[in-house]
Amino acid sequence: MKIIQYLINGISIGSVYAIIALGYTMVYGIAKMLNFAHGDIIMVGAYISFCVTNYLGLPVVVSILAAMAVCTALGMLIEALAYKPLRGTPSLAVLITAIGVSYFLQNAAQLIWSSSPKNYTSVVTFQPLRLAGGQLVITGEVIVTIIASIVIMVGLTWFTGKTRTGKAMRAVSEDREAAELMGISVNKTISTTFAIGSALAAIAGVLLCSTVPTLQPTTGSMPGIRAFTAAVLGGIGSIPGAMLGGILLGVIETFSKAYLSPQFSDAIVFGVLIVILLVKPAGLLGKQVQEKV
Amino acid sequence: MKKVLALTMALALVAASFAGCGKSASTATTAAAETTAAAGETAAEGVGTVKIGMSGPLTGRASAYGLAVRAGMEVAVEEINAKGGLQIEFKAEDDEADGEKAVSAYNALKDWGMQVMAGQVTTGSALAVAPESVADNMFNLTPSASAEALALTGDNIFQMCFTDPNQGASAAELVSTKYAGAKVGVIYDSSDDYSTGLYNGFKTKAAELGVEVVATTSFTADSKADLSTQVTQCQNAGADLVFLPIYYTEASQILTYASRISYAPKFFGCDGMDGILTVEGFDTSLAEGLVLMTPFDANASDEATQSFVTKFKAKMDGLVPNQFAADGYDVIYAIYDALTAANITGDESASEICDALKAQFATMSVDGLTGSGMHWDENGMISKAPAAVVVENGVYVPMA
């Protein structure tokens, strides 16, 4: 029974990682860049939602929509100002810029909201599910997060597979120049990708802070790094891979905390990552792409 | 031609500087004549000014401590300066509870002319600055940095609060007397000196007193995003009292999760828990019944406490002072008492003052807000009686 409770805890934090990883993997898959500022956009989303409910007293749904709107605008703005001018330069330059944007967002948040922690009130209000005579508790947050991550995963898969914009995204991902020759606007497509990725980040922020209530300017950075790990574990660029990687990471982390050692849980998680990458370098569900020379 | 110009300029400069001298001297005289009691002009009466500096987290995750200590110290400084006699010039620097920033803050304060250090607020910062202050022979009385290693670093370092192991040990004593037979779970931060020190003190004393510890678990700075597993472990082990020798930010997370899964043991914290009721957005009803060790209770009815509470509230927009504020207040008074007892005038160097204060602290005993008859041992560690409070209806009530 205990083991099932730990499994639920693991899936709970894992599904938060999964939602963040979906944003990471989508931007990587299409724009071929690691957006390290993704974790911080999550933090901004959570702050916006916190402010809308706590200071303006508006309903939770409005706060989530406001967070999505602000993050979408912020994501597109960052893309236009920081990443677009660097398109065509070595990917290292973009990577360093992304790290810079990440620091910028953290410090800006510290200026605006101060670095004292705030306690985020969970957006989930329904009672936890009690099974096996109260021995197993599944909180509302877990249920909502898992459902949200599945919906987002299915939605993204459908979007990239079936819609015109989605097809354009895949075309840009496969061969940017050929896509441009076929009349696809690469800039517009990448901008849309960032818009969607950042809207997802807002949802991830709300769910992350509903699960773990402490909200401060660094809230997004550690989960962001873990989610990035999850995306690599599942195969970066692969949407179901991000989901699988996130859940796996959460479960491994929780089990190593519970049964092995809380101090070494990180070492164990990253050890597993190394082993998996040694066996399957493209990640669990990643495609092995042959580089043509 | 150039030479003539240079000469004229030089003459003009000299004249100007003389003019400057005369002017400032005359203003000083008039000012002294008009307001003899004004601070800064007391030099005329043969009493000097001592510059006291402190550094603490004025922003950041631990800012509740730094801001409280600073305001508590300011209240004490204002009281002392209003008395006349030896004056104190006080300056606080922000170190964000970060060791590196604390060293820069220390250097900035030295550049400002600091003669006595009223400590760092957090243990990590204090440990980072300790070697510097030892090398400078700068007297350093910390209000709240509680590592045992800190006082042992040098004979110039003194503490106003308990050392971590001493506090952990008194927590174990309280648990064994007040909650006899409790099954105890512990969640501590293994990446933090403060938390680990408390835990070690608690563990040793608990074993001695036969307190039953059924679960011990920990987290690190990198893995504290999710503490649900640790709470579940305590619940699975059947703990009916959970000892939390951690800071309030993580504690608020633990309380929130425990209430979500309807796990309601007795939560028992140490002085790092002080501040939990002021976290923005935190539902204080979750902290109902929480026990925490703190030597200061703002509800105490004695005159000294009430006068301090009134002045502190006026300064901090009605905020009720916590233990850190009281520690800060006591630090300034302890330093002031020692300075006056040693007949310091403010003209001495930091090192001379330090030697004089060391001699005073070896023998003196202080009554303050955080205890009476407080005295220091040869290592600079304080001894005073421990006390605990319970949160009831959102305020601290002394533990029965």
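Odds and ends about this structure:
- Simple spin-label estimate for residue A:150 and residue A:287 in nanometres, 7 Å along Cα-Cβ: 2.7 nm
- Ranking B:149, B:176, B:281 by Cα position along the charge dipole of chain B, where only Lys, Arg, Asp and Glu carry charges on their C-beta atoms, puts B:281 farthest toward the positive end.
- Reach of residue A:118 by Cα under 15 Å, taken over aspartates and glutamates that are not fewer than 8 positions away in the same chain: B:250, B:280, B:283
- Formal net charge of residues neighbouring residue B:218 (Cβ-Cβ distance under 13 Å; K, R +1; D, E -1): -2
- Per-residue [θ]222 nm for the protein assembly as shown (sum of -39500 (n - 2.57) over DSSP H runs n ≥ 4, rounded to 500): -18500 deg cm²/dmol
- Only Lys, Arg, Asp and Glu carry charge here, each on its Cβ (+1 for the first two, -1 for the last two); on that basis chain B has a dipole of about 600 debye about its Cα centre.
- In this simple spin-label approximation, residue B:319 and residue A:4 carry label points 7 Å from Cα along the Cα→Cβ vector, and these lie 4.7 nm apart.
- Cα-based reach from residue B:205 at 12 Å (exclusive), listing aspartates and glutamates while leaving out same-chain residues under 8 positions away: B:173
- For residue B:390, net neighbour charge (Lys/Arg +1, Asp/Glu -1) across residues whose Cβ lies under 14 Å away: -2
- Choice from B:280, B:78, B:89 with maximal GNM fluctuation in chain B (Cα, 10 Å cutoff): B:280
- Shape class for the protein assembly as shown: oblate, because the ratio a/c of the largest to smallest gyration tensor axis (alpha-carbon atoms, square roots of eigenvalues) is 1.5 or more and b/c is at least a/b.
- Computed about the Cα centre, the dipole magnitude for the range B:165-294 is approximately 420 debye when only Lys and Arg (+1) and Asp and Glu (-1) carry charge, each at its Cβ.
- Per-pair calculated FRET efficiency, R0 = 41 Å: residue B:104 and residue A:91 via Cβ, rounded to 0.05: 0.70
- Taking the Cα centre of the range A:2-279 as origin and assigning +1 to Lys and Arg Cβ atoms and -1 to Asp and Glu Cβ atoms, the resulting dipole is close to 260 debye.
- Angle in degrees between helix A:2-31 and the longest Cα principal axis of chain A, rounded to the nearest 10: 20 degrees
- Cα gyration tensor shape of chain A, rounded if a/c is under 1.5, else prolate or oblate by comparing a/b with b/c: oblate
- Taking the longest Cα principal axis of chain A as reference, the axis of helix A:38-54 is set at about 50 degrees.
- Footprinting exposure proxy ranking of A:137, B:47, fewest other C-beta atoms within 10 angstrom first, gives B:47, A:137.
- Span-rule helices in chain B, defined as complete DSSP H runs reaching 15 Å or more along the axis (Cα) with Kyte mean at least -0.5: B:2-34, B:63-82, B:123-136, B:248-260, B:323-341, B:350-363
- Ellipsoid semi-axes for chain B, based on the Cα gyration tensor and the rule √(5λ), read 46, 22, 20 Å when sorted largest first.
- Placing a label point 7 Å from the Cα of residue A:126 along the Cα-to-Cβ direction, no residue of the range A:151-189 has a backbone N closer than 13 Å.
- Close amide H partners of residue A:136, meaning residues 5 or more places away or on another chain with modelled amide H under 5 Å apart, are A:131.
- Beta bridges from DSSP with both residues in chain B: antiparallel share about 25 percent, rounded to the nearest 5.
- Cα gyration tensor shape for the range B:165-294, rounded if a/c is under 1.5, else prolate or oblate: rounded
- Taking other C-beta atoms within 10 angstrom as a stand-in for reagent exposure, A:130, A:164 fall in the order A:164, A:130, fewest first.
- Straight-line cross-link reach from residue A:287 at under 23 Å between alpha-carbon atoms covers these lysines, not counting any fewer than eight positions away in the same chain: A:32, A:162, A:167.
- A Förster radius of 22 Å combined with the Cβ-Cβ distance from residue A:186 to residue A:73 puts the calculated FRET efficiency at roughly 0.55.
- Average partner coverage of A:1-14, which counts Cβ from other chains inside 10 Å: 3
- Computed from phi, the 3J(HN,Hα) profile of the range B:270-283 under the Karplus parametrisation 6.51, -1.76, 1.60 (θ = phi - 60°) reads 10, 5, x, 6, 4, x, 5, 6, 9, 5, 5, x, 7, 7 Hz, with x in place of Gly and Pro.
- The antiparallel fraction among DSSP beta bridges confined to the protein assembly as shown stands at about 35%.
- Using 0.36 nm per residue and subtracting the Cα-Cα separation, the extra length available between residue B:288 and residue B:364 on full extension is 23.4 nm.
- With R₀ set to 30 Å, the beta-carbon distance separating residue B:259 from residue B:379 gives a calculated FRET efficiency near 0.10.
Every number here is computed from the coordinates shown, using simple stated rules; none is lab data. Given the structure is predicted, the values throughout are model-derived calculations rather than measurements. Ideal geometry is used to build each Cβ from the backbone, glycine not excepted, and the neighbour counts take in all protein chains shown.
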